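The values are calculated or read from the model by the stated rules, or taken from the named source; none is laboratory data. All figures in this text were calculated on a predicted structure; none of them were measured in a lab. Reconstructed Cβ throughout: ideal geometry from the backbone, glycine too, with neighbour counts over all protein chains shown. Keep in mind that these areas ignore ligands, DNA and RNA; they rest on the heavy atoms of the full protein, side chains included. Shrake-Rupley method; radii C 1.70, N 1.55, O 1.52, S 1.80 Å.
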Amino acid sequence: MLNVEQIRQDFPILDQEVQGEPLIYFDNAATTQKPNQVVQQLVDYYQKDNANIHRGVHTLAQRATEQYEASRQILADFIGVQSNEIIFTSGTTAGINFLARSLVQPRLQPGDQIMVTRLEHHSNLVPWQELARRSQAELVFAPMTATYQVDLAALQVMDTNKLKVIAIQHVSNVLGIQQPLEAIVAWAHQHDILVLVDGAQAIAHQTLSVKELDVDAYCFSGHKMYGPTGIGVCYLAERWHEDAQPFNFGGEMIHQVFDTYSNYKEAPWKFEGGTPPIAQAIALAESVKYLQNHGLMVIRQHEEALTRVLIQGLQQVEGVTLMAEGPLDQMGHGIVSYNIDGVHPHDAATAYDLEGIAIRAGHHCAQPLMRLLQVPATLRASLAMYNTMAEVESFIETTRKVKEYFQYGA
Ligand code: PLP
């Protein structure tokens with residue numbers, strides 16, 4: 001069992017009052033808090049080892065380089081891939097833009113198709129809209145089941161000659177629903193279709209072997225897995241390292257530079273032009289160690305238990321409508337979206353804040369999904385490993401209060 005009380009000691013930010021009430025932080029899908037170990041790693045790096053990497057021969061430069069490359073190995077082991085398949089980026093968005101420009105654009109012919117779903121975060125939609133426009137390709141939307149998963153049977157009728165890439169989320173940042181990636185990959189790879197995954201909402205909530213999933217690329221952000229902002233990872237399978245073109249040209253990624261042309265390093269370094277976010281990459285390894293020390297299976301069990309009570313509790317509040325209610329193995333990532341009848345989500349979120357509870361209200365960077373759900377916005381509660389059952393219960397009680405407040409006034 002997860003020792004949540006001990007874990008909370010590592011997150012002093014949680015131990016504060018907001019609006020005179022103990023803080024309940026349920027906005028973890030937006031960003032997670034950072035444990036002392038990660039913060040300390042940033043401080044240690046800047047106080048003891050700060051130097052630019054790869055270029056210097058002096059001791060600090062070597063230390064910084066060693067730590068940066070060691071971090072790459074730790075990330076690779078974490079998701080079960082080779083270290084040269086880990087490309088450091090500034091986050092999920094940067095990883096997806098890199099894939100669109102470096103890997104997919106050179107392969108596209110006018111009339112080819114790129115497939116996404118209507119559940120995508122804008123970060124996994126807008127780059128593909130833009131690429132489709134530039135390449136005269138067509139953006140198509142995957143057929144979905146009533147429970148918001150890709151309809152595998154309906155996929156069979158797609159024109160597999162035209163379809164070149166499926167860009168899809170692993171877990172929805174609005175509905176918490178997980179997509180059946182194994183089956184999608186099995187079908188896509190039979191037809192030489194690439195599968196590129198936005199793993200932003202999966203990475204901190206389940207054990208994962210990206211190698212076993214056999215996707216072609218998988219992107220995630222450090223700040224959603226208890227790590228710093230400004231760092232992310234794009235896994236790119238080695239089989240695509242030759243085809244993919246560098247995207248950022250300049251220092252760090254070159255081998256030799258002549259007057260009119262240059263040649264480039266091998267992957268992953270040819271994809272990491274310029275000084276990378278060194279401190280953040282090193283501290284991200286610390287957040288991986290933190291997750292591993294507590295165990296992702298145990299974290300998952302804890303979060304699933306909380307999610308179950310959260311969903312059941314909300315279902316019992318009259319006037320609350322949940323946006324999705326799938327089985328927990330498909331939506332146990334701690335993300336629950338809902339609305340309260342007659343209350344605008346922004347008003348409700350403000351009322352929660354007055355009770356010390358941080359949740360999100362809005363379209364969650366998923367406007368096409370809002371149209372599918374036929375709502376302008378939703379409330380979203382999202383959990384993390386440090387949340388407690390008492391917090392969930394208090395949250396349900398507050399939901400009742402919020403509902404009554406708007407029904408009858410103060
Ligand atoms: N994809 C999903 C599913 C997300 O939830 C988010 C962030 O909320 C992103 C992509 C974008 O992540 P970032 O802003 O860290 O690049």
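Listing for the model above:
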quantity: Residue that is nearest to Pro277 (Cα to Cα) [pool: residues in the stretch 40-51 that are of a type in the set (A, V, I, L, M) and free of Cβ contacts under 8 Å to residues at least 60 places away in the same chain]; calculated: Ala51
quantity: The one condition in (1) open to solvent by less than 40 Å² (accessible area, probe 1.4 Å); (2) in a loop (DSSP other than H, G, I, E, B) that Ala154 fails to fulfil; calculated: (2)
quantity: Looking only at the stretch 341-366, and only at residues there that are open to solvent by less than 10 Å² (accessible area, probe 1.4 Å) and under 19 Å from Thr307 (Cβ atoms), the one that is nearest to the chain's Cα centre (by Cα); calculated: Ile357
quantity: Subset of the stretch 211-248 (residues that are surrounded by 24 or more Cβ atoms within 10 Å (Cβ to Cβ) and assigned to a helix (DSSP H, G or I)); calculated: Gly222, Lys224
quantity: Subset of the stretch 171-187 [of a type in the set (A, V, I, L, M, F, W, C) and closer than 19 Å to Val210 by Cβ]; calculated: Val171, Leu181, Ala183, Ile184, Val185, Ala186, Trp187
quantity: Unique residue being among the basic types (Lys, Arg), more than 11 Å from the ligand (Cβ to nearest atom) and within 25 Å of Leu131 (Cβ to Cβ) when the list is Lys211, Lys265, Lys270, Lys224; calculated: Lys270
quantity: Of all residues in the stretch 52-67 being over 17 Å from Lys265 (Cα atoms) and in contact (Cβ under 8 Å) with a residue 12 or more places away in the chain, the one that is most open to solvent (accessible area, probe 1.4 Å); calculated: Arg63
quantity: Residues that are within 15 Å of Ala217 (Cα to Cα) and of a type in the set (A, V, I, L, M, F, W, C), drawn from the stretch 79-113; calculated: Ile79, Val81, Ile86, Ile87, Phe88, Ala94, Ile96, Phe98, Leu99, Ala100, Leu103, Val104
quantity: Options Leu175, Leu163, Leu181; residue that is more than 18 Å from Ile87 (Cβ to Cβ), within 15 Å of the ligand (Cβ to nearest atom), open to solvent by less than 10 Å² (accessible area, probe 1.4 Å) and without any contact (Cβ under 8 Å) to a residue 60 or more places away in the chain; calculated: Leu181
quantity: Members of the stretch 68-88 found to be of a type in the set (Phe, Trp, Tyr) and either open to solvent by 50 Å² or more (accessible area, probe 1.4 Å) or under 21 Å from Phe247 (Cβ atoms) (or both), listed by number; calculated: Tyr68, Phe88
quantity: Some residue of the stretch 20-36 being closer than 20 Å to Val288 by Cβ, free of Cβ contacts under 8 Å to residues at least 60 places away in the same chain, away from the ligand (no atom under 16 Å from the Cβ) and surrounded by fewer than 19 Cβ atoms within 10 Å (Cβ to Cβ); calculated: yes
quantity: Which numbered condition Ala137 misses (of (1) out of contact with any Cys (no Cβ under 7 Å at 6 or more places or on another chain); (2) open to solvent by 10 Å² or more (accessible area, probe 1.4 Å); (3) within 11 Å of the ligand (Cβ to nearest atom)); calculated: (3)
quantity: Failed item in (1) touching a Phe, Trp or Tyr at 6+ places or on another chain (Cβ under 6 Å); (2) open to solvent by less than 10 Å² (accessible area, probe 1.4 Å), with Arg101 passing the rest; calculated: (2)
quantity: Flag if Thr160 is assigned to a loop (DSSP other than H, G, I, E, B), closer than 25 Å to Met370 by Cβ and β-branched (Val, Ile, Thr); calculated: no
quantity: The stretch 185-204, residues that are open to solvent by 10 Å² or more (accessible area, probe 1.4 Å), part of a loop (DSSP other than H, G, I, E, B) and either away from the ligand (no atom under 12 Å from the Cβ) or without any contact (Cβ under 8 Å) to a residue 12 or more places away in the chain (or both); calculated: His191, Asp192
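Matching residues to (1) of a type in the set (Val, Ile, Thr); (2) modelled with pLDDT under 95:
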{"residue": "His241", "(1), (2)": "no, no"}
{"residue": "Pro246", "(1), (2)": "no, no"}
{"residue": "Met253", "(1), (2)": "no, no"}
{"residue": "Phe258", "(1), (2)": "no, no"}
{"residue": "Pro268", "(1), (2)": "no, no"}
{"residue": "Ile278", "(1), (2)": "yes, no"}
{"residue": "Tyr290", "(1), (2)": "no, no"}
{"residue": "Gly326", "(1), (2)": "no, yes"}
